[in-house]
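The values are calculated or read from the model by the stated rules, or taken from the named source; none is laboratory data. Given the structure is predicted, the values throughout are model-derived calculations rather than measurements. Because the Cβ atoms are built from the backbone with ideal geometry, glycine has one as well, and the counts that use them run over all protein chains shown.
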Amino acid sequence: MADITRRIGLSLGADLCWPLCYEEIVRRLDLSIPVRGDTVRFEVERVEIEPFDLQRKGRYDLVLDRLTHWYATSREWIKKAVLLDDTYVLNNPWAIQSMEKQTTYCAMMRLGLPVPHTMLVPPKAYEPSDDLESTLERYAKLFDLGAVGDHIGYPMFMKPFDGGAWKGVSKLDAEEALREAYDKSGRLVMHVQKAVDPFDLFVRCVGIGPQLRCVSYDPSAPLHDRYTMDVDFLDEDDRSLLEDMTLTINTFFGWDFNSCEALRQPTAAAEQERLAVERARDGAPGAWAPTGDLPHLWRPIDYANACPDSQVTSLHFHFPWLVLAKVRWSIFCAATRRKKPLNLDWQPFFDIVDKDPDMPLRERLAAFGDIARERLQAEEFEAFCAEHLSHLDEVADEYFSGSHCRDAVHQKVSSLFPEHEIESFTTLFWNRIQHWRETAADGSIAK
Ligand SMILES: Nc1ncnc2c1ncn2[C@@H]1O[C@H](COP(=O)(O)OP(=O)(O)OP(=O)(O)O)[C@@H](O)[C@H]1O
Ligand SMILES: [Mg+2]
């Protein structure tokens, strides 16, 4: 019987809005949760960047991290905290460091998902290094970019193998455009990838632990309108498939917080590509799982997005969901001292594929989803929320209608928008949050 405080660290970069909301909501929840005979309370702190002693015990039970993917000092600090202090971190820092888009494509191909036909090409230019010249002279074969283009087919996308934030992405309709894009790509190592064309829906499915939210995404809109406010754009079959796919990906890579982009394509339109992939694989793993009688396919295109955008200025209507999902999952993990295996155990996924290569895609995804839910303790999490966080909805409703939240939105907008747009965009995002309050059926925990 002890009073225990679990310390949650927020490791932040340019973030302004969600930490303010998160901190205040946790404060207002005023939690004291009985766990195995103890009473557990929570403190939230912002992690400071400073020299750290590898010998010294760290402060945090859990870290919500927004820096690992680009800031090395914090990444190394977090790895130390996980290994030496038993800290739980969103997300697994090793998996973020090593799993590029390229790896995630290969992994999901191994599981039979219909990833678009993709090739990786050596870069056009190089950073000088000692052995570069002799290596290239000996082993880099001159290749015919036109033949690469013919092999993949047009339209196609060229994009960095480890990309993010649309850097270096171009859509190409013919060989001339491919040559031009390659000439401009410099030192970037590029994929060329068959365009999913046509598609009729683009979804980003965001996962935080076992909680999921599918958002209809419009990449052609300005940043603040890309996450659309549509709500009834998926039927139950599509929704559950996307949820299974996202949980599969996130669990496979040890990412508690990630988003998966998929495009919906009529199965008939994907048929040629499926046949080509099957011929090329000739029975080897990596061919698409049998698609059964699915009327359309969800083609995953970009799902190495660990720690995705969390700002009100892009998420607006969906922002409260994100904040609340972070609150629920972090409190659950910190309170119960959830143990996340740090070694990614891929074999159970491969076993499902290898045991029955003819298992249709939908069934496979359901089987993968079961592994994911178990690893993410979906049932325990749901029971925990019902028992200990039942007042969260009320706290949230009050919080997201109040001045503290409005000020957080204002601060974020002020940091990004020109002076003359600050008031109008603050009002826009604020109204969208109010729209969420009026319409949201939240708490979408993966069943
Ligand atoms: N195979 C594809 N078929 C159709 N559209 C594609 C394909 N690949 C990329 N795109 C388009 O290009 C955009 C950027 O590609 P992608 O998401 O892979 O790159 P990114 O740099 O990771 O972008 P972000 O960080 O914004 O998600 C996608 O949002 C989509 O609109
Ligand atoms: Mg993307």
Name the residues in region 270-293 that are among the aliphatic types (A, V, I, L, M) and surrounded by fewer than 16 Cβ atoms within 10 Å (Cβ to Cβ), would you?
-> L275, A276, A280, A284
Could you check, for region 174-182, whether at least one of its residues is more than 16 Å from ligand 2 (Cβ to nearest atom), out of contact with any helix residue (DSSP H, G or I) (no Cβ under 8 Å at 6 or more places or on another chain) and not hydrophobic (A, V, I, L, M, F, W, C)?
-> yes
Scan region 412-423 and report the pairs whose first residue is in a loop (DSSP other than H, G, I, E, B) and whose second residue is of a type outside the set (K, R) and at pLDDT 95 or above, with Cβ atoms within less than 7 Å and a gap of 6+ or a chain change.
-> F417/F425
Given the conditions (1) within 16 Å of ligand 2 (Cβ to nearest atom); (2) touching a strand residue (DSSP E or B) at 6+ places or on another chain (Cβ under 6 Å); (3) outside any strand (DSSP E or B); (4) of a type in the set (F, W, Y), and given that W329 satisfies all but one, which numbered condition is not satisfied?
-> (1)
Return yes when D200 is within 30 Å of the chain's Cα centre (by Cα), away from ligand 1 (no atom under 16 Å from the Cβ) and either within 30 Å of G369 (Cβ to Cβ) or crowded, with 17+ Cβ neighbours inside 10 Å (or both) and no when it is not.
-> no
Test P266 against the stated conditions and say whether it is over 29 Å from H410 (Cβ atoms) and more than 16 Å from ligand 1 (Cβ to nearest atom).
-> no
Given (1) within 15 Å of ligand 2 (Cβ to nearest atom); (2) of a type in the set (V, I, T); (3) surrounded by fewer than 22 Cβ atoms within 10 Å (Cβ to Cβ), number of the condition T246 does not satisfy = (3)
Is it true that S390 is surrounded by fewer than 17 Cβ atoms within 10 Å (Cβ to Cβ), among the hydroxyl-bearing types (S, T, Y) and at pLDDT 95 or above?
-> yes
Can you work out which of the residues in region 260-282 that are without any contact (Cβ under 8 Å) to a residue 12 or more places away in the chain and not in a loop (DSSP other than H, G, I, E, B) is farthest from ligand 2 (Cβ to nearest atom)?
-> R279
Set D397, D370: member being out of contact with any Lys or Arg (no Cβ under 7 Å at 6 or more places or on another chain) and either of a type in the set (S, T, Y) or surrounded by fewer than 18 Cβ atoms within 10 Å (Cβ to Cβ) (or both) | D370
With K171, K167, K194 as the choices, which residue is within 13 Å of ligand 1 (Cβ to nearest atom), closer than 15 Å to N305 by Cα and of a type outside the set (V, I, T)?
-> K167
Selection from region 113-123 of residues that are in contact with a Leu (Cβ under 9 Å, 6 or more places away or on another chain) and either outside any loop (DSSP other than H, G, I, E, B) or modelled with pLDDT under 95 (or both) | V121
